[in-house]
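Please treat every number below as a calculation from the coordinates, not as lab data. Everything numeric here is computed off the predicted structure, so don't read it as measured data. Positions of Cβ are backbone-derived with ideal geometry, glycine not excepted, and every protein chain shown enters the neighbour counts.
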Amino acid sequence: MLARAALTEYRQECLSYLARFCYTARVCFGACRNFWFASLGVPVRIAVLIPCFNEEAAVDAVVRSFLAALPEATIYVYDNNSTDRTPEAAAAAGAVVRRETRRGKGHVIQRMFADVDADVYVLVDGDDTYDAASAPAMIERLCAEQLDLVNGARVAASQSAYRPVHRFGNVLLSGLVRCIFGGTITDMMTGFKVFSRRFVKTFPGPASGFEIDTVLVVHALALEMPVAEVQAPYRERPAGSASKLRTVRDGFRVLWTIFRLMTEEHPVYFFGTLTILSAAASLYFAYPVAMDYMETGRFVQLPSALLAGGLMGLSVLFFAFGLILDLVFLSRREGKRLQYLSLSPPPSQ
Ligand SMILES: Nc1nc2c(ncn2[C@@H]2O[C@H](COP(=O)(O)OP(=O)(O)OP(=O)(O)O)[C@@H](O)[C@H]2O)c(=O)[nH]1
Ligand SMILES: [Mg+2]
């Protein structure tokens, strides 16, 4: 019996050593690979990812401009059952065209991140509103400073390029994200972002539509990844192409996503607020009951007393929920962080 227990313990110890060895070997391999690439001048593998839905009028110019700015890159256009000739136009311009059947920018980005293997990823809209010439400097910054995200904050090239409603909504939502999750990102909703491989391969991506931009930024902030923001010119869509964004509906979806992410990443904020609110309501109802009791020595307002007691119980419950969920999400975040640390940083060019 004793011998079997000792054997089990010995086996577990061996397995734990093996796991630690594999982890160290993986990290060393990544570092050696980067060093080797740099010393041999092996080019960094760059993938330009373009989600497209009915962008026939613009996709040709986007693909050609990115091929000119980044001749070594592979351009991927992911189409979502476009009803126009987007796939044909993209293929003719030199892109690798792939298809995702689930509609929505979020679904497409999840699919791109899963399928494409590269060292650096450039994500850009297929509507020809971003300047491909900014991409090399963004990639250089990512590699030189070993960042995980370089965010291309939009600077409107003309008055009509950046609609005032969108600008206002973006300022509001980006500010909210900075307040809750920290960081200094000022343009969360930009469609021009450069990512490291370790960002892409640790992104769980629970989003289907335009709220994906929020989830991307919060992923970087929650895992405390090094991030930078640069300014990128932003111009009008070409004639004949139309926006897919439904301002009010998508704005509320982003707001809901921020709320959901807050309850996931910082449950104490949410449940702490509920604890304080229900405790305050309980005291509000308890005060007259206590006053009556002190004057008459009896509980005159029984319903108020019951309500106050119930609300105080609820507040204790919310407090306990907050603490438990905080512990659960802390260990989940640690798991994600370890996964992130097991991948090597962007190769220095
Ligand atoms: N594959 C795919 N791409 C999409 C879908 N919805 C939007 N896109 C693409 O996502 C990019 C951004 O969409 P836009 O309509 O330009 O949205 P936006 O840039 O936030 O809004 P605007 O300021 O109006 O341009 C474009 O390249 C779209 O073609 C979709 O359902 N599937
Ligand atoms: Mg756009």
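Taking the Cα centre as origin and putting +1 on Lys and Arg beta-carbons and -1 on Asp and Glu beta-carbons, what dipole magnitude results for the stretch 267-339, to the nearest 20 debye?
440
Pull up all non-local amide H partners of V96: gap of 5 or more, or a different chain, and H-to-H distance under 5 Å with H placed in the peptide plane.
Amide H to amide H, under 5 Å and 5 or more residues apart or across chains, V96 pairs with I75, Y76, V77.
What ranking do S243, S134 get, fewest neighbouring Cβ atoms within 10 angstrom at the top?
Starting with the residue having the fewest Cβ neighbours, the order is S243, S134.
Per q in 0.12, 0.14 1/Å, what log10 I(q)/I(0) does a Debye calculation on the alpha-carbon atoms of the chain return?
-0.92, -1.14
Share of antiparallel DSSP beta bridges in the stretch 134-276, in percent to the nearest 5?
In the stretch 134-276, approximately 25 percent of DSSP beta bridges are antiparallel ones.
Work from the charge dipole of the chain (Cβ charges, +1 for Lys and Arg, -1 for Asp and Glu, about the Cα centre) and give the residue of P346, A320, A222 farthest towards its positive end.
Highest projection toward the positive end goes to A320.
For K244, go through the lysines and keep the ones whose alpha-carbon is under 28 Å away, minus same-chain ones fewer than eight residues off.
Excluding near neighbours in sequence, the set is K105, K193, K201.
Hey, if you put +1 on the Cβ of every Lys and Arg and -1 on every Asp and Glu Cβ in the stretch 267-339, which of M294, L330, L306 ends up farthest toward the positive end of that dipole?
Final value for the positive-end residue is L330.
With both partners inside the stretch 43-263, how many of the DSSP beta bridges are antiparallel, as a percent to the nearest 5? Intermediate results must be reported in sequence, preceding the final value.
On the way: 8 of 30 bridges.
Just about 25 percent of them are antiparallel.
Tell me, C143, C179, C52 in order of fewest to most beta-carbon neighbours within 10 Å? Numbers along the way, then the final one.
Numbers: C143 22, C179 10, C52 28.
Least crowded to most crowded, the residues run C179, C143, C52.
Over the chain, with a Gaussian network built from C-alpha contacts below 10 Å, which listed residue (A228, A308, A93) shows the highest mean-square fluctuation?
Result: A308 has the largest fluctuation of those listed.
Compute a Gaussian network model of the chain, connecting alpha carbons closer than 10 Å, and tell me which residue from E295, E145, E88 fluctuates the most.
E295
Tell me which residues come under 5 Å, amide H to amide H, from D84 once H is placed; ignore anything under 5 positions away on its chain.
Under 5 Å from the amide H of D84 lie the amide H atoms of N54, each far enough along the sequence or on another chain.
Which helices of the chain meet both criteria: a Cα extent of 27 Å or more along the helical axis and a mean Kyte-Doolittle score no lower than -0.5, with helices taken as whole DSSP H segments?
2-40, 267-296, 302-341
Please report, in debye to the nearest 20, how large the charge dipole of the chain is about its Cα centre when each Lys and Arg carries +1 at its beta carbon and each Asp and Glu carries -1 there.
It works out to roughly 540 debye.
Rank the residues T190, T74 as a footprinting-exposure proxy: fewest other Cβ atoms within 10 Å of their Cβ go first.
So the ranking, lowest neighbour count to highest, is T74, T190.
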